[in-house]
Amino acid sequence: MTNQETNGQETHDTSSQKGDIKQYISFNVGQELYAVEITTVREIKGWIPTTSLPNSPDYMRGVINMRGVIVPVFDLRTRFNRGHTEPGKSHVVIIVKLGERTIGILVDAVSDILTIPQEDILSVPDKDVNPEYAFMEGLVSVEDKMVAIIKPRMLFDINLIPDLDAAAA
Amino acid sequence: MSDPMEQFKVIFFDECTDLLTSLEEGLMQLQAGDCDEEVVHSVFRAVHSIKGGAGAFGFDRLVAFAHIQETLLDDIRSGALEMDPAYMTVLLQAYDILSELVGAAQRGEEVADELGDDVAKAMKAILDQTGVPLAEKSTAATPKEPDTDVDTGSVEKNTRIFKISFKPYEELFQRANEPILLIKELGTLGDLTVKLNVSDVPDIEEMEAEHAYFSWEFRLITEYDEAAIREVFEFVEDDCDLLITDHGVYLSPEAFVEDAQAGLFEDIEDEPDALKPQKTAKAVKPGEAVVSQSIRVELDKVDTLVNMVGELVITQAMLREQGGELLVEQYPNLVQGIEDLSRHIRDLQDCVMAIRAQPVKSVFSRMPRLVRELTATLGKKARLVMSGEETEVDKTVTERIGDPLMHMIRNSVDHGLEMPDVRAKAGKNEEGIINLSAFHRGGRIFIEIEDDGAGINKAVVLEKAIANGLVSPDANLSDEEINNLIFMPGFSTAKSVTNVSGRGVGMDVVRKNIQSLGGRISIRSEEGKGSRFTMSLPLTLAVMDGMVVDIGSEKYVLPLVNIIQTLRPGKEDVNSLPDGRNVMMFRGEYILLVPLYDLYDIDDAIQNPCEGLVVVVEGDGGVLMGFIVDDLVNQQQVVIKSLESNYALVEGVSGATILGNGRVSLIVDISTIQDMSANQLREFQSASPETRKISPQAQISAEIH
């Protein structure tokens, strides 16, 4: 049974070959636009106060209760070293499923749903020499604005979300 | 998943677990000298059933081993072999091997070829003494029936047993085939037992002369492989239902007799379509005609239920919180309803938790053998007395308490009990007694291990601790503190490292394990008289009673069981140590004040204990500490949620819970707080005087004085 499930995921992942079209949800952090694959997104929630966890990295904003499940929320702005988000009513948390784990990403606002043919995704300059960019899947130009497609699993401490890439590979 | 055989395998292994348990229980009874015929029978049946089931799934190694064991037990059962204490050791070892083989089969692992060889040899040696000629037995028990053609030819060793079901279609004869030729051909391959099934033969009026109505069951003991058997049926394959199953290695004549009687052919007697998988699985538990009063439920389902009840508890807490604001006069029924709901939910929760509860017997029953083996290895004499085996605890607790318990028993025998001659000199009975007991008290379960050995030699312990740098040479420790040193990491008093007790990774690991279960362990020891370890464990790991406290803007939950008292100290009660930490006088002792706001990095909390509150809690080893909090909120039952499932382990926090308002609140992990607080001290000590920061606590005490 487990095999079948993983097979299902694999088929899903291999669909990112050339000629395929995938959908993404794009969102703002400040002036920048980022996007994550729509299939990983479980829910988009308005900001609710979190319970902060002691002794955690500064981009870890604490945990929230999502229908009885404790979900950690990460601040994307802090993760990109652009300061601390002061969340208000307009801020949203994108709940994404990474393998077995569910996490929330705090962003300024959701922008759009993008349908992007895979061949339109351009590579990130210097990605290979700069390991910090490992979380960038690629860049895409939408209405003359650059959107960075990110892989959340590479963004937040790998130790905290282990083996996800291995599992997806 | 859709493979029915897989499902039956699952059932088989489930039953094996039960059978192994009853097997061990039986062996324990036998060992205790209770040679009741019924006990011997039950032991025999357990092995027999495991063998039968294993055969159905082709676990050859398992069948082969179980067979020898079964034969030995059968001889004991029939009285051919007088029960002898010496056999017990062999039988117990055989039980170990059998469990291992079952486990390996379940995991689909290969086992080392030589595994169990020595035990098998030992059993064979016992069997050889019986003097009952094996052949005699076999012929005596061979079933003689009119329809059965038994051909007992000579059989080579290491041959295999095949069970073949041959059911020709009605058209068989029309294709010019003759079953008798096939059967004769089959007979040339080896030792063939034939059983004719005439249940399909219709009334004479309806009978078609050219139709085939008979079907056959064969048991073939042969050196040939399955392909050779198939070859025999080559020409009729399309005209019949043919099922060939491998029943493993053929061992000796009695095996066949037993199988013929109780295993392989048993279901054929009354079930014409016995070879369908369902029936094969059924053969695993012969004689279970009684309607069972229990059902087997997957643990996942129970866990889902537990989770849902957890959600209910949270919703209920929320309703009660909101309902508290309602005026009773205005909504009498609503308020009453909420009250009723709360009560029902609590009852429901108890019921659900009871489903997960298991008697500790499943863990305790492993201990007598451990003691036996240890005493044999160490040359000591010991008797294990158990009580309260029926005490029920959560399944998770029984699963995880086994290792720590074994370790402690091992310690008691290895370090606690003296050698027989030493005991005799001390005026004690040569045979040491270890009491293992379990009981409920105050919503927790207690497990006690008590020995009447030498007790903890405090001088040796202290010396060792000083040598290992665990305490400073001039430390002045109370007896209790010295006893608790054995729980320190890297502590072992064994003069030589034996393979019985480990290398000082002992008691601290035991303590960690117990703590991870939300439990505590304490020790009481008197030199020359013995030691007593007491473990106190929560009944369930899903829910606990907690005290919600405010620390700044955050709410934390303290486990209620650890709380001794809450008080607001006066200025004169709080003093500071040279290292900057504060202490408070409590019940005639100075206890350390732990600044939770500092450890949890909360900056808007009350830091002065005289303005907030001090919750006195009992940490590991009965150490009292005072936690500084802002205020108490309320006392409530909380559902424990994991932080690790979506995030990671957070130091100082054992988990999270959801309060009535839907907010997440963290549960304070008292034992890690204890460690964190000790580490703070170490950091302080290692820092040079110039770089020492004045800690907030030090400032407070400066203010106070």
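Checking the structure you have, find out if any residue of the range B:422-431 is within 29 Å of residue B:294 (Cα to Cα) and either at pLDDT 85 or above or among the acidic types (Asp, Glu) (or both). Looking through the range B:422-431, none of the residues is within 29 Å of residue B:294 (Cα to Cα) and either at pLDDT 85 or above or among the acidic types (Asp, Glu) (or both).
Those residues that are modelled with pLDDT of 70 or more and part of a helix (DSSP H, G or I), I need them from the range A:133-169; list them, please.
First, pick out the residues of the range A:133-169 that are modelled with pLDDT of 70 or more: A:133-156.
A:133, A:134, A:135, A:152, A:153, A:154, A:155, listed by residue number.
For (1) more than 14 Å from chain A (Cβ to nearest Cβ); (2) over 28 Å from residue B:642 (Cβ atoms), each residue gets a yes or a no:
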| position | (1), (2) |
| --- | --- |
| B:516 | yes, no |
| B:523 | yes, yes |
| B:545 | yes, no |
| B:555 | no, no |
| B:561 | yes, no |
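For the range B:345-383, a residue qualifies if it is modelled with pLDDT of 85 or more and in a strand (DSSP E or B), and the qualifying residues are B:359, B:382, B:383.
Among the listed residues B:104, B:94, B:66, B:80, identify the single one that is hydrophobic (A, V, I, L, M, F, W, C) and modelled with pLDDT under 80.
Of B:104, B:94, B:66, B:80, the one residue that is hydrophobic (A, V, I, L, M, F, W, C) and modelled with pLDDT under 80 is B:80.
Cβ-Cβ distances below 8 Å connect the following pairs, each with a first residue in the range B:76-99 that is touching a residue at least 60 places away in the same chain (Cβ under 8 Å), a second residue that is loosely packed, with under 14 Cβ neighbours inside 10 Å, and a separation of six or more residues or different chains: B:89/B:376. Would you say residue B:633 is buried (at least 23 other Cβ atoms within 10 Å of the Cβ), over 28 Å from the mean Cα position of the chain (by Cα) and either polar (S, T, N, Q) or on the phi < 0 side of the Ramachandran plot (or both)? So residue B:633 fails the test. A Cβ distance below 9 Å, combined with a sequence gap of six or more or placement on separate chains, defines the contacts here; from the range B:309-337, residues that are farther than 19 Å from residue B:635 by Cβ reach residues that are basic (Lys, Arg) in the pairs B:311/A:67.
Within the range B:19-28, is even one residue touching a Pro at 6+ places or on another chain (Cβ under 7 Å) and at pLDDT below 80?
As a first pass, look at the range B:19-28 and keep what is touching a Pro at 6+ places or on another chain (Cβ under 7 Å): B:28.
Applying the additional criterion that residues be at pLDDT below 80 yields B:28.
Yes, the conditions are met somewhere in the range B:19-28.
Quick check: anything in the range B:92-102 at positive phi and among the small types (Gly, Ala, Ser)? Walk me through it before giving the result.
Step one: of the range B:92-102, the residues at positive phi are none.
Scanning the range B:92-102, I find no residue that is at positive phi and among the small types (Gly, Ala, Ser), so the answer is no.
Within the range B:52-84, being in contact with a strand residue (DSSP E or B) (Cβ under 9 Å, 6 or more places away or on another chain) and buried (at least 23 other Cβ atoms within 10 Å of the Cβ) holds for B:54, B:55, B:56, B:59, B:62, B:63, B:67.
Return the residues of the range B:506-563 that are among the hydrophobic types (A, V, I, L, M, F, W, C) and in a helix (DSSP H, G or I); say none if nothing qualifies. Listed by number, the residues that qualify are B:507, B:509, B:510, B:514, B:560, B:561. Of all residues in the range B:38-67, exactly one satisfies the criterion of being of a type outside the set (A, V, I, L, M, F, W, C) and not in a helix (DSSP H, G or I), namely B:58.
For residues that are within 8 Å of another protein chain (Cβ to nearest Cβ), aliphatic (A, V, I, L, M) and touching a residue at least 24 places away in the same chain (Cβ under 8 Å), tally how many sit in the range B:636-677.
Restricting attention to the range B:636-677, the residues satisfying the condition of being within 8 Å of another protein chain (Cβ to nearest Cβ) are B:641-643, B:645-648, B:650-653, B:656, B:658, B:662-666.
Checking which are aliphatic (A, V, I, L, M) leaves us with B:643, B:648, B:650, B:653, B:656, B:658, B:664, B:666.
Still in the running and touching a residue at least 24 places away in the same chain (Cβ under 8 Å): B:658, B:666.
The qualifying residues number 2.
Residues that are surrounded by fewer than 24 Cβ atoms within 10 Å (Cβ to Cβ) and either assigned by TED's automatic domain parsing to the domain that holds residue B:373 or touching a Gly at 6+ places or on another chain (Cβ under 7 Å) (or both) were ranked within the range B:25-51; the one that is nearest to residue B:246 (Cα to Cα) is B:42. Kindly establish whether residue B:319 is over 22 Å from residue B:538 (Cβ atoms), not charged (D, E, K, R) and not assigned by TED's automatic domain parsing to the domain that holds residue B:418. Taking the combined requirement at face value, the residue satisfies it.
Checked against the criteria, residue B:317 does not count as touching an Asp or Glu at 6+ places or on another chain (Cβ under 7 Å) and either surrounded by 18 or more Cβ atoms within 10 Å (Cβ to Cβ) or modelled with pLDDT of 80 or more (or both). On the stretch given as the range B:390-406, residues that are over 21 Å from residue B:434 (Cα atoms), surrounded by fewer than 20 Cβ atoms within 10 Å (Cβ to Cβ) and more than 9 Å from the chain's Cα centre (by Cα) total 1. For residue B:306, the conditions (1) at pLDDT 85 or above; (2) within 22 Å of the chain's Cα centre (by Cα) are fulfilled apart from (1).
Quick one: which of B:573, B:620, B:545 is farther than 30 Å from residue B:410 by Cβ, in contact with a helix residue (DSSP H, G or I) (Cβ under 7 Å, 6 or more places away or on another chain) and surrounded by 15 or more Cβ atoms within 10 Å (Cβ to Cβ)? Write out each step before concluding.
Values: B:573 fails: in contact with a helix residue (DSSP H, G or I) (Cβ under 7 Å, 6 or more places away or on another chain); B:620 fails: farther than 30 Å from residue B:410 by Cβ.
Result: B:545 is the single residue among B:573, B:620, B:545 that is farther than 30 Å from residue B:410 by Cβ, in contact with a helix residue (DSSP H, G or I) (Cβ under 7 Å, 6 or more places away or on another chain) and surrounded by 15 or more Cβ atoms within 10 Å (Cβ to Cβ).
Any residue at all in the range B:615-632 that is within 30 Å of residue B:308 (Cα to Cα) and either not assigned by TED's automatic domain parsing to the domain that holds residue B:484 or not hydrophobic (A, V, I, L, M, F, W, C) (or both)?
Step one: list which residues in the range B:615-632 are within 30 Å of residue B:308 (Cα to Cα), which gives B:632.
Of the ones still in play, those that are also either not assigned by TED's automatic domain parsing to the domain that holds residue B:484 or not hydrophobic (A, V, I, L, M, F, W, C) (or both) are B:632.
Scanning the range B:615-632, I find at least one residue that is within 30 Å of residue B:308 (Cα to Cα) and either not assigned by TED's automatic domain parsing to the domain that holds residue B:484 or not hydrophobic (A, V, I, L, M, F, W, C) (or both), so the answer is yes.
Can we say residue B:342 is closer than 26 Å to residue B:516 by Cβ, part of a helix (DSSP H, G or I) and out of contact with any strand residue (DSSP E or B) (no Cβ under 9 Å at 6 or more places or on another chain)? It would help to see each step written out before you state the result.
Details: closer than 26 Å to residue B:516 by Cβ: no; part of a helix (DSSP H, G or I): yes; out of contact with any strand residue (DSSP E or B) (no Cβ under 9 Å at 6 or more places or on another chain): yes.
When the stated conditions are applied, residue B:342 does not pass them.
The values are calculated or read from the model by the stated rules, or taken from the named source; none is laboratory data. Note that the structure is predicted; figures quoted are calculated from it, not measured. In this analysis, Cβ positions are derived from the backbone assuming ideal geometry, glycine residues included, and neighbour counts consider all displayed protein chains.
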